Amino acid sequence: MILALGFAAWTLALVSCNAILGIEDRSPREREAGLDAASGADVDAGGADGSEGDAGQAARYRSVVLGDGPIVYLRLAEKEGETIARNEIAGGVQGTYPPSGVDLGVEGRFGDPSDTAVHFRGDRGIQMADSERLTFGKTSPYSVEVWVRPAADNPIFGYLVDHESFDGAGKSGWTLIVGNQAVYFERWLNGVNRGAVSYDQPLAVGQWHHVVGT
């Protein structure tokens, strides 16, 4: 899988609905922040004409995301050699990058060099630390959001963000899968699939997409 995760890569928040998988090229948060991002295109708003630069757009988007009160916010601003995907929320659960097949510090959604993205070259993405906080009471509703820019050679199944575990009762947890044919959001409890939704169309290669699994 070759994917670039965008700035403000993903957030988790409790919501009041279930079984929705949404795909769009411009998120409600961009609209709320008043950003001038073109649908499905990379943003380069800085210029000699005095317009707001990439760093300004990134900062405004970050402020809007934090205003939602997420429990996890991974900005993916790490550099080569780092292994932890740091959570912007103090005391929050951290993520871990795969040991191979990942490039850190690549250009992100807004083109700001201080707010980068991650490029995965395989079928494994970020593994969230095992934490009861991310089980959401086993059955409570929640959402996972991510910006992605697919490449032409994505695998059929790319496990982009994963919080699954296995014990004697079977698989439990959730995962967001972005592949070259579809997008999947799954939730498991004691080996039983408690809810799986999918977007059964390939995402456009080379374009940014805002994916929300609920």
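Just so you know, all these numbers are worked out from the coordinates, no wet-lab data involved. Predicted model only: the values in this text are computed from it and were never measured. Here the Cβ positions follow ideal geometry from the backbone for every residue, glycine too, while neighbour counts run over all protein chains shown.
From the C-alpha gyration tensor of the stretch 57-214, pull out the three semi-axes of the equivalent ellipsoid (sqrt of 5λ each), sorted largest to smallest, in whole Å. Write down the numbers at each step before the final one.
Working: eigenvalues 114, 75, 49 Å².
In descending order the semi-axes read 24, 19, 16 Å.
By the count of neighbouring beta-carbon atoms within 10 Å, fewest first, Asp200, Asp115 end up ordered Asp200, Asp115.
In vacuum, with every alpha carbon of the stretch 101-143 counted as one equal point scatterer, what does the Debye formula give for log10 I(q)/I(0) at q = 0.25, 0.30 Å⁻¹? Two decimals, please. Taking Cα atoms of the stretch 101-143 as identical point scatterers yields -0.84, -0.97.
Rank by packing, highest mean first: peptides 133-145, 81-93, 116-128, with packing defined as the count of other Cβ atoms within 10 Å averaged across residues. Write down the numbers at each step before the final one.
Values: 133-145: 15.9, 81-93: 14.2, 116-128: 21.5.
Top to bottom by mean Cβ count within 10 Å: 116-128, 133-145, 81-93.
The calculated FRET efficiency for the pair Lys171 and Arg133, based on their C-beta separation and a Förster distance of 25 Å, comes to about 0.85. Between Val205 and Ala151, the contour length at 0.36 nm per residue exceeds the Cα-Cα span by 18.9 nm.
If Lys and Arg each add +1 and Asp and Glu each add -1, what is the summed charge of the other residues whose beta carbon sits under 14 Å from the beta carbon of Thr139? So the environment of Thr139 carries a net charge of +2. Taking other residues whose beta carbon is less than 10 angstrom from the beta carbon of Gly101, and scoring Lys, Arg as +1 and Asp, Glu as -1, yields 0.
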